[in-house]
Amino acid sequence: METAEEPMTPFGTFTAQSNKLQRQYQALLDQSTPYVTYRWVGTGVALFLFFVRVFVAQGWYIVAYALGIYLLNLFLAFLTPKFDPSSDALDTEMEDGSVGTLPTKQDEEFRPFIRRLPEFKFWHSATRAVAISFLCSWFEIFNIPVFWPVLVMYWLMLFILTMRKQIQHMIKYRYVPFTIGKARYNKNSN
């Protein structure tokens, strides 16, 4: 049985096309998921091209600064556990056993490190931010005149202070957000 198609309105046509594009974009993202190294290399190349654009054009320092702040914020979310052990609001939930905690003593049970921002979402957000920043660097409205060394020094100080705070938090609550490789066991080690 075939039903007669009703005439599409302009809004319906636009919605159908945007849904089709969203599905294609999501399929492309799904296909790129296992290629972690290639994804990050691509983002690094895009970031390098953006910085070359800023250097050659001698402008758009505010855009570069905003990108740096945003990437720093993403990186901190990537390093932070999903359930922060220092949060007082979570203490009551942790006593009930409804929220997992990181082990703080040798005899406690191991619980895996769960990131607040997973690696794929970190990559996706960072790549979109670099692409948007690169696009903004072609519009004169975003070229606000500033003394760029002040922005660089301010960003460096912000980076040093926030990373110091994050590292102190990692030491205090004894968690390491990185795992290097997979544990391998020999057959003869019984």
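The values are calculated or read from the model by the stated rules, or taken from the named source; none is laboratory data. For clarity, every value in this text was computed on a predicted model and none was experimentally measured. A quick note on method: Cβ atoms are made from the backbone with ideal geometry, for glycine too, and the neighbour counts reach across all protein chains shown. For the accessible areas, the whole protein counts, side chains as well, though only heavy atoms, and no ligand, DNA or RNA atoms are used. Shrake-Rupley method; radii C 1.70, N 1.55, O 1.52, S 1.80 Å.
Among the candidates P118, P149, P145, the residue that is modelled with pLDDT under 95, open to solvent by 50 Å² or more (accessible area, probe 1.4 Å), more than 26 Å from K82 (Cα to Cα) and not hydrophobic (A, V, I, L, M, F, W, C) is uniquely P145. Restricting the search to segment 30-50, which residues are at pLDDT 95 or above and more than 17 Å from the chain's Cα centre (by Cα)? Once the filter is applied, which keeps residues that are at pLDDT 95 or above and more than 17 Å from the chain's Cα centre (by Cα), segment 30-50 yields F48, L49, F50.
Can you name the residue in segment 140-151 that is part of a helix (DSSP H, G or I) and touching a residue at least 12 places away in the same chain (Cβ under 8 Å) and, of all such residues, is farthest from G59 (Cα to Cα)? It comes out as L151.
When F83 is tested against (1) in contact (Cβ under 8 Å) with a residue 24 or more places away in the chain; (2) of a type outside the set (S, T, N, Q); (3) in a helix (DSSP H, G or I), exactly one condition is not met: (3).
K105 meets all of the listed conditions (1) over 27 Å from Q31 (Cα atoms); (2) part of a loop (DSSP other than H, G, I, E, B); (3) of a type outside the set (A, V, I, L, M); (4) at pLDDT 70 or above but one, namely (4). The combined condition, being in a helix (DSSP H, G or I) and surrounded by 17 or more Cβ atoms within 10 Å (Cβ to Cβ), is not fulfilled by V52. Among all residues of segment 156-174, there is at least one that is modelled with pLDDT under 90, of a type outside the set (A, V, I, L, M), in a loop (DSSP other than H, G, I, E, B) and open to solvent by 80 Å² or more (accessible area, probe 1.4 Å). Within segment 42-60, the set of residues being under 13 Å from A129 (Cα atoms) and small (G, A, S) comprises G44, A46.
Matching residues to (1) at pLDDT 85 or above; (2) more than 27 Å from the chain's Cα centre (by Cα); (3) closer than 20 Å to R174 by Cβ:
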| site | (1), (2), (3) |
| --- | --- |
| E2 | no, yes, no |
| K20 | yes, no, no |
| A57 | yes, yes, no |
| I69 | yes, no, no |
| F110 | no, no, yes |
| I114 | no, no, yes |
